[in-house]
Amino acid sequence: MDDAGSADGSEGGQADTDSTTDSETTDTDSNTDTDTTTNSQPNCDFCQISDGAEPAAILYEDDRTIAFLDRRPAVRGHTVIAPRTHDEELLLMDETETAAVFDTVHTVATALESTLEPDGFSVFHTSGPLVGTVDHAHVHLVPRFEDDSVGLSLARRELESADAEAIVAAVREKL
Ligand SMILES: [Zn+2]
C-alpha cells in the first residue's frame with residue numbers, strides 16, 4: 001500500500017506561522033519535548049506542518065484539522081487531511097476528532113470538485129503496523145480522473161453466509 005508518507009512541502013509553501021499553539025507559558029528551551037497542549041511530536045512531519053514549523057501547501061486548516069497537498073501526489077490535487085493532534089489511530093481516537101477529520105475531507109472535496117472538476121474521488125486511510133513511514137493519522141483524498149494511473153487493489157472473494165452471520169452477530173452485540 002502507498003506508504004502515504006510524504007507531507008507536502010515544496011510547492012506553494014506557505015509557512016503559516018499562526019501562533020495559536022504558542023501561547024502556553026512553558027519555557028522555550030524545552031522545544032525538543034512533546035508539546036503538552038497539542039501533543040506535537042518534534043520528529044513528526046505532520047506535527048511540524050500543523051505547527052507551522054515546516055512548509056506545506058495548505059489548502060485548509062481549522063482548530064482540529066489541517067489539509068495540505070501531498071508532496072508526492074498520485075494525481076493533481078492529491079490531498080492529505082490530518083488531525084492536529086498526534087495520534088496513530090484515526091478510527092479509534094476520540095469520536096469528535098475523527099468526525100472533524102472527515103468533516104474536513106468533505107470541505108476540501110467540495111472545493112476540489114469545483115476547481116479541478118475530477119471524475120470522482122478515492123478516499124483512503126490505513127492504520128496499524130501496515131502504515132508506512134508516517135505514524136500521524138491521516139486520510140488521503142485523491143481526485144480521480146478517467147485516465148489516471150491510480151490503482152487501489154483489493155483481492156476480492158465471495159462472502160460466505162455463515163461467516164457473514166457470525167460477523168454480524170458479533171459486531172451488532174458491540175453497537
Ligand atoms: Zn504528528
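All of the numbers you see were taken from the coordinates with simple rules; none came from a lab. Quantities reported herein were computed from a predicted structural model and do not represent experimental measurements. With ideal geometry, Cβ positions are generated from the backbone for all residues, glycine too; neighbour counts draw on all protein chains shown.
Remarks
- Virtual spin-label span in nm between Glu88 and Arg157, 7 Å along Cα→Cβ: 2.8
- Karplus-derived 3J(HN,Hα), 6.51/-1.76/1.60, for each residue of the stretch 84-96, Hz, glycine and proline x: 5, 6, 6, 8, 8, 10, 4, 7, 10, 7, 3, 4, 5
- In sequence order, the stretch 46-53 has phi-based couplings of 5, 4, 5, 5, 4, 7, x, 7 Hz under the Karplus curve 6.51 cos²θ - 1.76 cosθ + 1.60, θ = phi - 60°, and Gly or Pro positions carry x.
- Taking a sphere under 14 Å around the Cβ of Ala164 and counting the other residues whose Cβ falls inside, with K and R at +1 and D and E at -1, yields a net charge of -2.
- Our coupling estimate for the stretch 160-166, obtained by passing each phi through the Karplus curve with A = 6.51, B = -1.76, C = 1.60 and θ = phi - 60°, is 8, 5, 5, 5, 4, 4, 5 Hz, Gly and Pro reported as x.
- In this structure the amide hydrogen of Tyr60, modeled in the peptide plane, comes within under 5 Å of the amide hydrogens of Ala67, none closer than 5 places in sequence on its chain.
- Options Ser149, Val75, Ser127, ranked by Cα towards positive dipole end of the stretch 28-174, top entry (Cβ charges): Ser149
- Think of each Lys and Arg Cβ as +1 and each Asp and Glu Cβ as -1; about the Cα centre, that makes the dipole of the stretch 28-174 roughly 360 debye.
- Amide H partners (placed H, <5 Å) of Phe121, local residues excluded: Arg144
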